[in-house]
Ligand code: FES
């Protein structure tokens, strides 16, 4: 059992806005920072584009974690999209629990375009957290 | 006819996707940690991928040529480059597609460098991750649609908001290039804060001497429509055609003849001389000097037209001045204008200002006037104000009259100030003067965490200017760091140090009055010597920092510009697009974007005008192509999206009971799509189905077989 857990590599679906967190992820690369290869990012223009169904669908498909990234409060490229994302995601988190998905599997972070280091840290922590939680209950592969 | 065309377009059969995947080595940048061959071969197995190639540098000319040839030969109609970030080269490859005759929105980038090869060293894991990324990109590519970019005409006029040094320079450049500029200033005169300064650092130029000729240039430029004592009330529309409403506040003195445009108020100043009120604190002197109710804010004002203060003038507040009432004045003015009587004959029926005004320009019935403008671009130059010194009560500003802030001292030093340039506090020349740096700024408690950038240099300048006037003054500057970063700043700092100014590292913790005298004691800790100090002073000057000007919230509300955490306007890119904003066609200049000195403000103003001139000169603007759409069939008219749209770009069609997107206003955040409960609101290029396909592809290995 213990060995199996060690081998478990979680898959994280990340959805971020183009302007801040996606740029932070790019900066982490340009700065050659290292973080585990478990996350794959999708890019949308603003975190407010992220419909809760994208998150639910990712979990339904067996993703072990979903990462949502946007701009810091007051820095959204479209005025206040990130506040709207925040509200939706906090509501969704409560629902997840009722579906039997640990709410910690959904993570929301604001990383500015200058915060490559923060992005790398967040992904590192999140990956570790998911390893601790083990595979998603909805995962079959 | 147009509708028919639309129909025809829709029915055109969409060509089956034929995808070309080009995997880039990026020299060794990708190749070293990703198995390029494996990724290429894997790509070839994905749905509708007909070509999979790899190349050393796909972004190079020969690399792009490979793609162009494949498009031209009809082999592919979708392009994927697996290489760096789309934020870097998406525009490059969209250009490649356009050059080969393919709609640029059929291009897609798979980011396997910044987000893969560079951030982990395990080749096997990176190769698997790259495959996942390419697989998701192919899934998306299969569902892409062509998007036509809309080009609109640009009204060849610009609105500049704010008549300080930045707004003036932006206006002058655009007007001199031959385009019409509407310059709106909320105060009665242009000039801004610079006009309040005595000398400028580090060159010690006289601020008024270099500024006033430019003010005159603005005032008389045939292409500048100067709207002073006016405020922008409403901004609508979008790049190329903004509709703007400007409220002209009544001056109660006629500036120009509404028909001929000829100057009416000659600025003779007799109304001010005659005005019964004389003791109103003058805003220009920050209340240190006095003015009448009919006033010119400063002698060099442009326009040189007087203003009657509606909050102070007794005729306007009480309807009576001396024996004259509003009624009697109205009647008398009519009779004077018709030539029936002379002002002398009716002098009991009119206030003193009316009696003395030669050109008869006083009109107490003047009302607000709304001016409507259409402009192609907007430059926001709303400037800055001083941080409230009361936020640090330990410095006792407002408690002791011999605690001033930097701008107040500036007025005392200025020859056009309330003391004609003499430093006089309570009738006496101070001997011991202490400057406290970083007042307000660089401070979590006050909420202004940034460095205001000008205070070090202005205090050094102040120290010199005081020494010029009071040779035996003892001056101490209490600082935490001296920031002399600009051209010739360090040399200036060095020179002033040699004038016997005492620089002490360690900010003051407290200012208090010496018991039994009006001298002050400044107490703090010298962090260089590691010991406390107490310095006696006749005058304490707080080197107070800058914040966005009052009223900035209103500008944010009207223009939808974003602010950074410090509340200054947020530029589109901190390095490469420093005067552009998130709203196309709106630019920022000067201190509204962040504290800066005069040369930086002017440089930014010139940059903003040049950015504006690109639109005005070409007469064309490209509208955002990636915007929202609402499906007529799916929309249930719940109007959830309407309230959430940050730009009010969604309108309810009451007849059809559905939502409609205003394409000129939508900026493409996709918030409506993120909230729509029925899947009707969606965003071009980021459609729900495209995103689902990406998620599906990424989780392929995990999901139960469907
Ligand atoms: S653009 Fe980043 S959250 Fe809106």
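Condition check ((1) touching a helix residue (DSSP H, G or I) at 6+ places or on another chain (Cβ under 9 Å); (2) farther than 23 Å from residue B:277 by Cβ) across all residues:
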| position | (1), (2) |
| --- | --- |
| B:360 | yes, no |
| B:369 | no, yes |
| B:379 | yes, yes |
| B:389 | yes, yes |
| B:398 | yes, yes |
| B:404 | yes, yes |
| B:429 | yes, yes |
Select from segment B:689-706 the residues that are facing another protein chain (nearest Cβ under 7 Å) and in contact with a strand residue (DSSP E or B) (Cβ under 9 Å, 6 or more places away or on another chain) and list them in ascending order.
B:691, B:694, B:695, B:698, B:699
Tell me which residues, restricted to segment B:646-668, are out of contact with any strand residue (DSSP E or B) (no Cβ under 8 Å at 6 or more places or on another chain) and either without any contact (Cβ under 8 Å) to a residue 12 or more places away in the chain or at the interface with another protein chain (Cβ under 7 Å from one of its Cβ atoms) (or both).
B:654, B:655, B:667
Scanning segment B:183-210 for residues that are outside any loop (DSSP other than H, G, I, E, B) and either surrounded by fewer than 24 Cβ atoms within 10 Å (Cβ to Cβ) or not assigned by TED's automatic domain parsing to the domain that holds residue B:610 (or both) gives B:193, B:194, B:195, B:196, B:199, B:200, B:205, B:206, B:207, B:208, B:209, B:210
How about segment A:130-141: which of its residues are in contact (Cβ under 8 Å) with a residue 40 or more places away in the chain and part of a helix (DSSP H, G or I)?
A:130, A:131, A:133
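Kindly indicate whether any position in segment B:677-685 is away from chain A (no Cβ under 11 Å) and in contact with a strand residue (DSSP E or B) (Cβ under 8 Å, 6 or more places away or on another chain).
The initial filter retains those residues of segment B:677-685 that are away from chain A (no Cβ under 11 Å), namely B:678, B:680.
Then keep just the ones that are in contact with a strand residue (DSSP E or B) (Cβ under 8 Å, 6 or more places away or on another chain); that gives B:680.
The answer is yes, given that some residue of segment B:677-685 is away from chain A (no Cβ under 11 Å) and in contact with a strand residue (DSSP E or B) (Cβ under 8 Å, 6 or more places away or on another chain).
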Scanning segment B:74-88 residue by residue, those crowded, with 21+ Cβ neighbours inside 10 Å and under 20 Å from residue A:24 (Cβ atoms) turn out to be B:83, B:84, B:85, B:86
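Check whether at least one residue in segment A:106-120 is within 24 Å of residue B:679 (Cβ to Cβ), more than 9 Å from the ligand (Cβ to nearest atom) and either within 7 Å of chain B (Cβ to nearest Cβ) or not in a strand (DSSP E or B) (or both), and report yes or no.
Within segment A:106-120 (the criterion being within 24 Å of residue B:679 (Cβ to Cβ), more than 9 Å from the ligand (Cβ to nearest atom) and either within 7 Å of chain B (Cβ to nearest Cβ) or not in a strand (DSSP E or B) (or both)), the answer is no, since none of the residues qualifies.
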For residue B:640, work out the one condition from (1) touching a helix residue (DSSP H, G or I) at 6+ places or on another chain (Cβ under 8 Å); (2) more than 7 Å from chain A (Cβ to nearest Cβ); (3) closer than 18 Å to residue A:55 by Cα it doesn't fulfil.
(3)
Residues that are assigned to a strand (DSSP E or B) and in contact with a helix residue (DSSP H, G or I) (Cβ under 6 Å, 6 or more places away or on another chain), drawn from segment B:167-182
B:181
Assess whether residue B:340 counts as being touching a strand residue (DSSP E or B) at 6+ places or on another chain (Cβ under 6 Å) and part of a loop (DSSP other than H, G, I, E, B).
no
Give just the number: which of (1) part of a helix (DSSP H, G or I); (2) touching a strand residue (DSSP E or B) at 6+ places or on another chain (Cβ under 6 Å) does residue B:492 not satisfy?
(2)
Tell me, please, whether a residue that is within 14 Å of chain A (Cβ to nearest Cβ), under 18 Å from residue B:446 (Cβ atoms) and touching a residue at least 40 places away in the same chain (Cβ under 8 Å) can be found in segment B:521-529.
no
Taking segment B:496-523 only, how many residues are surrounded by 15 or more Cβ atoms within 10 Å (Cβ to Cβ), touching a helix residue (DSSP H, G or I) at 6+ places or on another chain (Cβ under 8 Å) and not in a strand (DSSP E or B)?
2
Of all the strands (runs of 3 or more DSSP E) wholly in segment B:527-644, which have at least 2 residues that are crowded, with 17+ Cβ neighbours inside 10 Å?
B:531-537, B:539-544, B:546-548, B:586-588, B:628-630
Being in a loop (DSSP other than H, G, I, E, B) and farther than 16 Å from residue B:363 by Cβ: is that true of residue B:259 here?
no
Within segment B:20-52, residues touching a residue at least 24 places away in the same chain (Cβ under 8 Å) and surrounded by fewer than 17 Cβ atoms within 10 Å (Cβ to Cβ) come out as B:27, B:32, B:38, B:47, B:48, B:50
Checking the structure you have, find out if any residue of segment B:91-108 is in a helix (DSSP H, G or I), facing chain A (nearest Cβ under 9 Å) and surrounded by 18 or more Cβ atoms within 10 Å (Cβ to Cβ).
no
May I ask you to verify whether residue B:313 is at pLDDT 95 or above and touching a helix residue (DSSP H, G or I) at 6+ places or on another chain (Cβ under 6 Å)?
no
Given the criteria assigned to a helix (DSSP H, G or I), touching a strand residue (DSSP E or B) at 6+ places or on another chain (Cβ under 8 Å) and either within 16 Å of the ligand (Cβ to nearest atom) or over 25 Å from residue B:383 (Cα atoms) (or both), does residue B:673 qualify?
yes
Residue match in segment B:161-182 (condition: surrounded by 24 or more Cβ atoms within 10 Å (Cβ to Cβ), modelled with pLDDT of 95 or more and over 30 Å from residue B:239 (Cα atoms)):
no
Is it true that residue B:411 is part of a helix (DSSP H, G or I) and in contact (Cβ under 8 Å) with a residue 40 or more places away in the chain?
yes
Please go through segment B:549-566 and pick out each residue that is closer than 10 Å to residue A:74 by Cα and within 11 Å of the chain's Cα centre (by Cα).
B:562, B:563, B:564
Failed item in (1) closer than 26 Å to residue B:678 by Cα; (2) facing chain B (nearest Cβ under 8 Å), with residue A:23 passing the rest:
(1)
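Here's the yes/no breakdown for (1) within 8 Å of another protein chain (Cβ to nearest Cβ); (2) buried (at least 23 other Cβ atoms within 10 Å of the Cβ):
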{"position": "A:46", "(1), (2)": "yes, yes"}
{"position": "A:56", "(1), (2)": "no, no"}
{"position": "A:63", "(1), (2)": "yes, yes"}
{"position": "A:67", "(1), (2)": "no, yes"}
{"position": "A:72", "(1), (2)": "yes, no"}
{"position": "A:87", "(1), (2)": "no, no"}
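The values are calculated or read from the model by the stated rules, or taken from the named source; none is laboratory data. On a predicted model such as this, the values are computed, not experimentally measured, just so you know. For neighbour counting, all protein chains shown are included, and Cβ atoms are generated from backbone atoms with ideal geometry for every residue, glycine included.
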